[in-house]
Every structure is written in C-alpha cells, then in structure tokens.
Amino acid sequence: MKNKSTSLYSIIKSLGLVFGDIGTSPIYTLTVIFLITPHSQENIIGVLSLIIIAVVLFSVKVSALFGPLMVIWFSALTLSGLIAILAVPSVFKAINPYYGIHFLLKNGFAGFFVLSEVTLCATGGEALYADMGHLGREPIVKAWYFVLVALILNYLGQGAFLIHHPEAKNVLFAMVFFQAKFLYIPFLILSIIATVIASQAMISGMFSIAYQGCHAHYAYA
C-alpha cells in the first residue's frame, strides 16, 4: 500500500515539475497555426493529424504544490476537449496519418511551414529528459500517459470547435467561453497559474543538468 501511494505521489509531482510547459501548448498552438491557414474542415483535420504525428513522436520541489494544480489543468483540458468532440466526432479521423500527409502534399511549401508551427504542441518535451534526475523514469512515463490523452483530446476538441466556429481567434479560450461562460474566469486564472508553473519545468531541468554535471566533476576529479 505504501509503495502504491508513493508511486501516485511521484506521478503527481512529475505533472508539476515536468509537464507544465508542454501542458500549456494548447493555449497557443492552433491559434498560431490558423492565423495564416484557412479554417476549412479539411485543413483542420490535417493539422490535427500532424499534431497527433508530433505529440506521439515526443512521447518517445515546487512540484509537490504544482502537481495537483496541473492535475486540475489537464483534467480541464480533457473535459473541454471531450465536450467539443461530441459535436464533431469526425475529428477522430485525424488519428489517421493519411490526413496529415495529404495536408502536406496539397499545400506544398506552405504545408511544411505549418509543420514548423505544429511543433509548438511539443514545447517543453525536452524537460522529460532533463528532469529524470529528480524523479526517475517510471513516474514520468506513467504521468505521460495521462498528459498524452489530455493533450490529444483537447486538440481534437479545439479542432471540432474551430470547424463549427471558423471565426474563432484564440481557440482554447473561445471554446471554454462558449461551453461554460461562468467557468471562463476560473479557467483563465488556472491557465495563468499553469503558465507560471510551465517556467519551472525548464528551470528545474537546468538545475538538474548543472547538479549532475557538478557531481560528475567531483566523481572524476
């Protein structure tokens, strides 16, 4: 029983320590991409497919406080995504890489330019490796399963919302405002907190690298 509780605690800590940066990427990824890309259903499905080709590829101490907050953040992302998906379940077609490849081939150079923006969805993924020195591999891998599902469902939900509301600019916040206006301000506050936490992922990662470097120096001195 003690081992199980300790493992769960480590997983929650990893959410706050490691996944803050990548967890806030839904705030801006689709918004930036569709500033220059037409809001057609075909384009939206294609971009979502690319976002899923990037997140899956990247799958390849304040944390005690931040972890529970990130659990709430990822849960909110999951719920808002699921609600939007119910209106356009066809967005699940984006799981098929065919649509991403078709988008690239059809749009030529512009498609590859969009692909460079798609990588925004994986910002902070590098912290996975830097922060392993703090928590070890197992809790980070287990937390990643939760993060992966939350991110993919939210991106699919944003795509579904964009299909019905092509005029939307800041997609995530517009989606939450449309779904539950009374929760918009709490969600906005939560997003600010999550963004602040995101900065800790790289700070702790740099500390971990420097700490290990110092110990390696003393070990071989």
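The values are calculated or read from the model by the stated rules, or taken from the named source; none is laboratory data. Since the structure is predicted, the reported quantities are computational estimates derived from the model, not experimental observations. Ideal geometry is used to build each Cβ from the backbone, glycine not excepted, and the neighbour counts take in all protein chains shown.
Among the residues of region 18-49, the one identified as crowded, with 24+ Cβ neighbours inside 10 Å, aliphatic (A, V, I, L, M) and outside any helix (DSSP H, G or I) is Val18. Within region 156-183, residues that are surrounded by fewer than 16 Cβ atoms within 10 Å (Cβ to Cβ) have Cβ atoms under 8 Å from residues that are outside any loop (DSSP other than H, G, I, E, B) and of a type in the set (S, T, N, Q) in these pairs: Lys169/Thr31; Asn170/Thr31, counting only partners at least 6 apart in sequence or on another chain. Being at pLDDT below 95, surrounded by 16 or more Cβ atoms within 10 Å (Cβ to Cβ), hydroxyl-bearing (Ser, Thr, Tyr) and on the phi < 0 side of the Ramachandran plot is true of Ser191. State whether the residues of region 160-169 include one that is over 13 Å from Gly16 (Cα atoms), assigned to a helix (DSSP H, G or I), modelled with pLDDT under 95 and aromatic (Phe, Trp, Tyr). No.
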